[in-house]
Amino acid sequence: MLAANPLIEVRLGLMVWTIVCFGITFYFLKRVAFGRIQAVIDERRERIRRSIEEAEKARNEARRLLEEHRALIGQARGQAEGILAEARKVAESMARRVKEETEADRQRRLEETKRQIEAETHRALQQIRSEVAELTLIATTKVTGKVLEDADHKRLIEEAIRDLDFSVLEQQETNR
């Protein structure tokens, strides 16, 4: 049977030469090209494997660092809360101390003012006593018409002062 197309036609000689050429080309490619191509493929496969391992290591390191970071943030928050609590305690303590100092200062000033008032009251009473004594001497001199001796003056002053009731004035001042 003859084929319609000469390229499809089976010829024994052409077939043999085609197989021989294919064998030589295959042998040459196997010796020269396939080894190099296989080496490049193996090298590339190894680089990809190393890249995957490095990526896995980097991912694990990133996870570890993330966990450390979260732990540090939690620790920092705890420390911050502790510092805030301590600051609040210190502020409350200082406010309490200032209040106590202010109260103590107020009490001290109040006591000092009371002492000054009592001293002024005592001084005023002494002044009143001395004025009463002088008025008594003047009145006695005018009534009796004579100048009295020192002993008479003392006796009259003591009697006049004894007759006056200064305790009412002193009680009024201490009740304030």
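The figures follow:
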read-out: For segment 57-107 versus segment 1-49, the gap between their alpha-carbon centres in whole angstrom; value: 78
read-out: Along principal axes, Cα extents of segment 12-175, largest first, whole Å; value: 187, 22, 21
read-out: Extended-chain gain in nm, criterion 0.36 nm per residue less alpha-carbon gap, Ile128 and Ile52; value: 16.3 nm
read-out: Nitroxide proxy distance, nm - points 7 Å out along Cα→Cβ at Arg11 and Ala80; value: 9.0
read-out: Compactness of segment 46-121, expressed as Rg and Dmax over alpha-carbon positions, Å; value: 32.1, 109
read-out: Rh (Kirkwood; distinct C-alpha pairs) - segment 21-80, Å; value: 15.6
read-out: Taking Leu29, Leu12 and counting other C-beta atoms within 10 Å, the order from fewest to most; value: Leu12, Leu29
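No lab work stands behind these numbers, since they all come straight from the coordinates. This one's a predicted model, so the numbers in the text were calculated from it and none came from an experiment. Every residue, glycine as well, gets a Cβ built from its backbone with ideal geometry; the counts of neighbours run over all protein chains shown.
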